[in-house]
Amino acid sequence: MVHEPNRTDGEGEADDEYVVLPPDPERVEGTLSRPSRDINEVFTEAEKEQSRFQFSVAEMLLLVGAVALFLGVLGCFPREYAAGLAGFGALASMLVLILLKPTQPIVRLGWWIVLAIYVLQVVTTIMEG
């Protein structure tokens, strides 16, 4: 028969009872690092973050049409002038974004596409020149 070293037989103490001291009020106060928030606020913020970059098929088709029109206008000019016009288009669209502050993510995507077209126009002009 093997005896457990920490076992106290006959003293009336149970094995799962321990003496617990009350918490020290000086150490317990101020432990909350964040203020409490309503669970509905947390879920609505999560939904806003999740649906932040969504757009409809109609918006995407409108963007593709606008980019095609922009590229068509640039194709009417020689490459040196097309790069300058693309830069002007990127600058004008950036100013529109700054002044109007649109909330649709498709508008921001359109600006990035115009900027990419400008960079590609500059690179092709440099490579050909």
Can you tell me which residues in segment 80-117 are within 21 Å of residue 60 (Cβ to Cβ) and of a type outside the set (A, V, I, L, M, F, W, C)? 89, 93, 102, 103, 104, 105, 108, 110
Kindly indicate the residue of segment 106-129 that is farther than 16 Å from residue 83 by Cβ and free of Cβ contacts under 8 Å to residues at least 24 places away in the same chain and also surrounded by the fewest Cβ atoms within 10 Å (Cβ to Cβ) among those meeting that condition. 112
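Residue-by-condition table, conditions (1) open to solvent by 70 Å² or more (accessible area, probe 1.4 Å); (2) over 30 Å from residue 129 (Cα atoms); (3) over 27 Å from the mean Cα position of the chain (by Cα):
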position: 54; (1), (2), (3): yes, yes, no
position: 59; (1), (2), (3): no, yes, no
position: 76; (1), (2), (3): yes, no, yes
position: 83; (1), (2), (3): no, no, yes
position: 86; (1), (2), (3): no, no, yes
position: 101; (1), (2), (3): yes, yes, no
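The values are calculated or read from the model by the stated rules, or taken from the named source; none is laboratory data. No experiment lies behind these values; they were computed from the predicted model shown. With ideal geometry, Cβ positions are generated from the backbone for all residues, glycine too; neighbour counts draw on all protein chains shown. Just the protein is used for accessible areas: all its heavy atoms, side chains included, with ligands, DNA and RNA removed. Shrake-Rupley method; radii C 1.70, N 1.55, O 1.52, S 1.80 Å.
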